[in-house]
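**Q** Take this structure first; my questions come after.
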Amino acid sequence: MKETKKYWKGVEQLENTADFQDRASKEFPEYLPINGGENGDPSRRDFLKMMGFGVAAVSLAACEAPIRKAIPYVNKPVDVDPGVANYYASTYAMGNDVASVVVKTREGRPIKIEGNDLSMISEGGTTTQVESSVLSLYDGERLQNPKIAGEDTDWETIDGRIKTELAANAGKVSIVSYSNCSPSTARAIQALRDKYGDVEHIQYDPVSVSGLLDAYGDATGARSFPMHDFSKASTIVSISADFLGAWPNQALNNKQFASTRKLGPDKKEMSRLYAFESNLSLTGSNADYRSPIAPSQEGLVVANLYNLVAQKAGAATIGASRLEDTVMLEKAANDLWKSRGKALVVSGSNDKNVQLLVIAINDLLQSYGSTIDLSKSINTRQGNDNSFAQLVSDVKGGAVGSVIFYNCNPAYDHPMGAQLVSSLGKVKTTISTSDRMDETNSSVKYITPDHHYLESWNDFEPVTGHITLSQPTIKNIFNTRQAQESFLRWADNDASYYEFIKEGWQPFADGDVTSFFDKCLHDGFYNVDAPAADKTVSVDAVVVAGNLKGYSAKPSGLELAIYTNYSVGDGTQANNPWLQEMPDPITKACWDNYFTVNLRQASENDWAVKGGDMDYKVATLTVNGKSVTAPVIPQPGQAYGTVGLAVGYGRTKAGKVGNGVGVNAYTLVGSSDNGLSYSAKNATLDLTGEVKKVAQTQTSQTYAGRETVIQETTLGEYQKDPQAGRNFPMISKADGSKVRPHAVSLWKGHEYPNHHWGMIVDLNSCTGCGTCTVACQTENNIPVVGKEEVLNRREMHWIRIDRYYSERPENELTSDDKNLMEVKQKELAAVENPEVTFQPMMCQQCNNAPCETVCPVAATTHSSEGLNQMTYNRCIGTRYCANNCPYKVRRFNWFKYHDNAKFDMNTPMNNDLGKMVLNPDVTVRARGVMEKCTFCVQRIQSGKLDAKKEGRRPQDGEIQTACAKSCPTDALVFGDMKDPESRISKTLKLKYSEKSVEATEDRAYHVLEELRVMPNVWYMTKVRNKDKNDKIEA
Amino acid sequence: MLLLYAFDLKSSEYMFKTTPNLTKIFLGIAFGIFTTMSLNAQEIPTDESVVAAGEATFNANCTQCHRIWEVRIGPALNGVSERRSVEWLNSWIKNSQALIASGDEEAVALYEEYDKTLMQAFPFSDDQVMEILAYIKAETAKGPPAEDTTATTAEGEGDSISSSYLMSIIIILVVVLGLAVVALIIAARTLVRHLKDAKGLDEAEQEVVSQQFDVSAFLKSNNFVGLVVFVFTILVLKTLIDGAFTIGVQQGYQPEQPIAFSHEIHAGQYEIDCQYCHTGVNKSKSANIPSPNICMNCHTQVKTESEEIQKIYAAIDYDPETKTYGTNTKPIEWVRIHNLPDLAYFNHSQHVNVADLECETCHGPIKEMEVVYQYSSLTMGWCINCHRDTDVNTKGNEYYDKLVKLHSEQSKEPMKVEDIGGLECAKCHY
């Protein structure tokens, strides 16, 4: 399998166009962006001008050094020492997501968010959204004052007027928000209700799971999103449920799922994941078996799966049209039944009936009480599509006297939002607490901007029984006020929200509430010991099947499938440049959304530009009378007949970074009596004739045929031979004998007397989420370069995740695929539904580093701790090192990205407010120097210093790189290879020879081992849980 | 630029509180009444190893307040074992407060003499006390050190001493050379005169003898012009290069500060520990410029009328009449003296806490500075030189144990910072 398997990074590589070959041969796609004289070359006069300016500048600089001030605190807070970081446990809460986090502050400024290891809702993991949220605090486009009808005002005035109006208005008060899981917020709203009587609270979710909640409401008697425990599942079937990329508690889902994928000498079993979906999602790309389906098939896939499982269970089957190709479903059903009690079926459908069938399947599989815990629910999703629809009709009918939009933006992220906003004229008092002049606020009279979560007190109960606390880590930057405090003021309650929360916590405290509260504040959460409610599900599948409507076995026409991507997410943080520049894990595109279409269909319909460079044809998609226009990207794995489009883009009033990026997919969400629908049939895609560039990060830089960068196998092979899938390159010596690369060397080697830092990347655990990329960007002051520069292939991320597609083994190809192959479209068959591998790639910290030998000024050198050091102040920018780097991980500063109006989207470096997020321990690099991953040397140095101050050796785990710390799946393990007790030493089973270190773990390999550059980063082979001799044929 | 963003966290009120170990007050010893207890003195050992051990303990624990030949916060200790009994010293060192409380006359007298400054209790063993006394005795026997070496000697001074020495040798050599040249010229002239008088010289020889040195021809000769141009070019180049090296080097930089704070008075005259104000020096990368609330610990009482102190009051909005604080505060904008470039990472705690360096090593005679100036050049060469010369302070620090062992297997020299990667780029540049 190894020899024949082919990997490719994108369609252009598969097609191997002339343009692609041309680019692949170059380290840098273009040369220095300095334009010379008229003919292009710098003239002699230019040279003299530059020279004269240079001399003048140097002499001026030499004359007088600028006077710099040192300004101490007037009154130094006891627990703040300039230069020493403080860490506070808190809770991330933006949009409708909540995560338990630890906030790192320096001199009172939050600069980094990390996961809270103690909390059971995140277990130390974070997501891209969480990592980025610290920059949203320093967003200069947040509102700086309360506003009445667009004019700045003060709190006293606005409170007075709001209170008068709320009391005088006839009709009810409607509070609209995303799902609220904060007990104290609910109490604050209750306080309003106590004062003004008829106060209703409408909750919705930008990406609704109302169908799932209603289904559990029918099946158990209470609407809830029960906790799924992926760590207990050995067979998982996902039908369009992107639980790794779009579900609530993503970080925990990733962690739990990855824990079932870890392999080692003591654990040779892993879970198996089946995915049936339209768009290639993060979950689908991690699946062992993936089948593309159209959204209109979802209901029948679930029904057919129900029947297959019911047959085995001896339960009654239901009437549902049989799908044509059920081979994969049968296989899935077999596996599910075999592992019943440890099986899990999840669906992403927002159709209550589909979800009810899924509940029925899980019930047959004995999932309740094992992989699904009915006593614990995820409270971050409570939205109800019907109550929102009711609100809209109430507003239209004039039944609502006042509306309070509490931190939500329905005009943008709800398909009925536009209707709601346009009829706001019938509401006497409109209030919003949003932090910026967003799409909804523009039609609102009173704006009382809320604090950012890093400035707020709050409590949340994201999972039943697990209450997390939020504490301010900075004083409010602007004249904002916590929304809950506003509610209390309007309810004539003068308590501070902090006191109000504490009061609510009184019942939990055994004695003194203050000391109890402080302890919880330190940990960040409190787990309530409540007896688990004994809940059961009951679903009459036959009745449900009768209600299943609108699904067809053989879909026709084009269907739209709306999804949430892992970078911008639901669009709440669309003005965050870190998220905008974070490439989508699958398409590797950033700064845009686009239609993803099937490759074969694209070629049939001529939707693709032939041989272009990130050029995509623009088309208008029309569905249910609404249309949007965006570029069309042929996407491997996309189901034939479907078009994918991500939400979160197309903001018009998010701020200068997010405005006008992409198109708004929420407008296409269908709404009917059955709730919202994120897919639609009978779509049309019409080319506009335009061609647009979409910035993608993985279109150049190939490994030029060296396919062994990915080494993978199947579980069966691995169980037989732990070295399965490994490649052992041999080097020919002069005498004709062949030896392993480490046996010959031109190099003298290094001695590492003290530490020897290294990293493991487990390809089997990595789900490709990209959280490490943002964590690294935050930690290391990596500039945002913007769409233009990404198009020029000058992105600066130090750690990237290479996404490789590969062909599925032939025995897995469907008959449809085989027909394609007969018509000599083997490539197309391969991309129809490829396997996906994610490979995080960062500086490999080679012991025999090729970059070091070519630097003419010794700006990159080797340290006695195994680090490949990059000294910015010595670098003169020859870029020889990048040319000589086999891993292509060096990044060149083509421009001055800080204090440069041309890069004003790079907000962390271009205004005083944004700069507060910069890590003061890391240099902001100048134009013309090379940079790359340093293994977070600032963290290593600081960890060592802490140990020295205490007169001890650093403990394993104490020193962590930002990427390893953020990784929700523990795919990245960093540590000291000289410490025999460290996790890395034990996992790799290191063997030390005189001047080198070898890993004896069977799965560990070096990328491009044949080059003998001896990296300090080890990769562990990818193992897919596939049966060796699948005969999957119709 | 060290901009300290004065955002206060959860609460807006902070207590005036400093780290307790910094406010520890030290106790002094005085020379009171003469008592000759020579018998006891004889018991003090004189072994070299004991003296060495005593020196280490003394330097680690006592030098904050004591010197052998000099009165600091506490008295000079020369001959202390002559003046007091070993038992008395033993109990005094271990717990002076108990001794004072017991009403011991000598102890009380000493306490009074040194302005009721308490000496902290040291948990030494009897042997350790004997070692310290042995060291003090050995130092006493050596006699007071020469005047110029008592102060903390800085590298720069050492250099100038040796160079002036060199200079005098050169001057002597030049004088000797000059005399020799004069003697040679006189000899040559005499010889020429004799040859002119001599007979029997042929024409060629005659010409050589009567040759005149033509100065103007020499000055115009290519050789001479070339030499002058060469020397001139070298000199210009040297000046330029030397000048280039001083770009950005602000050694001696002594800006005027918004408040005329004198280190000479505070650190010198009153011997206030540096860490009392520079609280970050042991735990942070920056030593911290004290916030005015630290000043107020004393200046609510001391020199309240002074014009300079009024500036502190203005900054912290303190009303000396009513002794109350207002809210109209504005931070003091000190002019930063030591400016490392942003590309260099420096951490005070590494040097002061881990390496146990004295502040004066880099900051110079700070206790004599009325107005602080930049004493060291703060160039990379200066850092590197120190890392080459300085032994790593490995004592009692488990972090270094394995490194010391490895080093001692390979070398007999003490382990320098350089030997454990102290010259590597990424130690300071990242």
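**Q** Give the separation of the Cα centroids, segment A:455-481 to segment B:205-220, in Å.
**A** About 99 Å separates the Cα centre of segment A:455-481 from the one of segment B:205-220.
**Q** Something else: Across the residues of B:394-406, average count of Cβ atoms on other protein chains within 10 Å?
**A** Whole-number average of other-chain Cβ neighbours for B:394-406 is 3.
**Q** May I ask you to list the trypsin sites (Lys or Arg not before Pro) in segment A:314-395 that are in a DSSP loop and have at most 15 other Cβ atoms within 10 Å of their Cβ?
**A** Taking segment A:314-395 and a limit of 15 other Cβ atoms within 10 Å, the loop trypsin sites (Lys or Arg not before Pro) found are A:Arg322.
**Q** With label points built 7 Å along Cα→Cβ from the Cα atoms of B:Val208 and A:Glu330, find their separation and express it in nm.
**A** Label at B:Val208, label at A:Glu330, 12.2 nm between them.
**Q** Here is a further query. Rounded if a/c is under 1.5, else prolate if a/b is larger than b/c, else oblate: which is segment A:556-693, with a ≥ b ≥ c the root eigenvalues of its Cα gyration tensor?
**A** In terms of gyration-tensor shape, oblate.
**Q** What chymotrypsin sites (Phe, Trp or Tyr not before Pro) in segment A:133-196 are in a loop by DSSP, with at most 14 other Cβ atoms within 10 Å of the Cβ?
**A** none
**Q** Still on this structure, I have one more. Just to be sure I understand the model, the point goes 7 Å from the Cα along the line to the Cβ. What's the resulting A:Thr652 to B:Ala344 distance in nm?
**A** Once both label points are built, they end up 5.5 nm from each other.
**Q** Using a Förster radius of 35 Å, what is the FRET efficiency between A:Lys720 and A:Trp747 based on their Cβ-Cβ separation? Nearest 0.05, please.
**A** It comes out at approximately 0.45.
**Q** When the chain is fully extended, how far beyond the present Cα-Cα distance does B:Ser411 get from B:Leu423, taking 0.36 nm per residue of separation?
**A** Stretched fully, the B:Ser411-B:Leu423 segment lengthens by 2.5 nm.
**Q** Can you give the average number of partner chain beta-carbon atoms within 10 Å of each beta-carbon in peptide A:943-951, as a whole number?
**A** 5
**Q** Greater than 29 Å separation of Cα atoms is the criterion. Which listed pairs, A:Lys610/A:Lys896; A:Lys915/A:Lys944; A:Lys112/A:Lys948, meet it?
**A** The answer is A:Lys610/A:Lys896.
**Q** Would you list B:Ile171, A:Ile113, B:Ile272, A:Ile799 from fewest to most Cβ contacts within 10 Å?
**A** Listed from fewest to most nearby Cβ atoms, that is B:Ile171, B:Ile272, A:Ile799, A:Ile113.
**Q** Using the number of other C-beta atoms within 10 angstrom as an exposure proxy, rank B:Thr233, A:Thr771 with the fewest first.
**A** In order of increasing Cβ crowding within 10 Å: B:Thr233, A:Thr771.
**Q** How much length is gained if the chain between B:Glu87 and B:Thr233 is pulled fully straight, taking 0.36 nm per residue apart and subtracting their Cα-Cα distance, in nm to one decimal?
**A** 45.2 nm
**Q** Related question: I need the fraction of alpha carbon pairs in the protein assembly as shown separated by more than 49 Å, rounded to a whole percent.
**A** Counting every Cα pair in the protein assembly as shown, those more than 49 Å apart make up 46 percent.
**Q** Mind jotting down the distance between the C-alpha centroids of segment A:486-500 and segment A:376-427, whole Å?
**A** Result: 25 Å between the Cα centres.
**Q** Taking 30 Å as the cut-off for C-alpha to C-alpha distance, list the pairs among A:Lys376/A:Lys965; A:Lys255/A:Lys932; A:Lys104/A:Lys232; A:Lys902/A:Lys932; A:Lys396/A:Lys692; A:Lys76/B:Lys303 that go past it.
**A** Flagged as over cut-off: A:Lys104/A:Lys232; A:Lys396/A:Lys692.
**Q** Continuing with the same structure: Can you give me the distance in nm between label points at A:Gln955 and A:Asp194, each placed 7 Å from the Cα along the Cα-to-Cβ direction?
**A** Reported label-point gap for A:Gln955 and A:Asp194 is 4.6 nm.
**Q** Once the dipole of segment B:263-427 is set up with Lys and Arg at +1 and Asp and Glu at -1 on Cβ about the Cα centre, which of B:His299, B:Asn385, B:Ile420 lies farthest towards its positive end?
**A** B:Ile420
**Q** Please give the FRET efficiency for A:Lys163 paired with A:Glu503, using the beta carbon to beta carbon distance and R0 = 30 Å, rounded to the nearest 0.05.
**A** Computed FRET efficiency for A:Lys163 and A:Glu503 comes out at 0.85.
**Q** Let's see if you can work this out: charge +1 on each Lys and Arg Cβ, -1 on each Asp and Glu Cβ, no other charges. What is the dipole magnitude of segment A:70-212 about its Cα centre, in debye to the nearest 20?
**A** 200
**Q** Compute the relative contact order of chain A as a whole-number percentage, counting only Cα pairs closer than 8 Å that sit 6 or more residues apart in sequence.
**A** The normalised contact order for chain A reaches 15 percent.
**Q** Another question, if that's okay. Positive end of the dipole of segment A:182-296, charges at C-beta (+1 Lys, Arg; -1 Asp, Glu), about the Cα centre: which of A:Ile236, A:Met270, A:Gln256 has its Cα farthest in that direction?
**A** A:Met270
**Q** Using a Förster distance of 60 Å, how high is the FRET efficiency between A:Arg927 and B:Asn59, based on the Cβ-Cβ distance and rounded to 0.05?
**A** It comes to 0.75.
**Q** Taking the number of other C-beta atoms within 10 Å as the exposure measure, put A:Met870, A:Met437 in order starting with the fewest.
**A** A:Met437, A:Met870
**Q** Separate question: How many angstrom separate the Cα center of segment A:70-131 from the Cα center of segment A:954-1009?
**A** 27
All of the numbers you see were taken from the coordinates with simple rules; none came from a lab. In this text the structure is predicted, and so the values were computed from the model without any measurement. Reconstructed Cβ throughout: ideal geometry from the backbone, glycine too, with neighbour counts over all protein chains shown.
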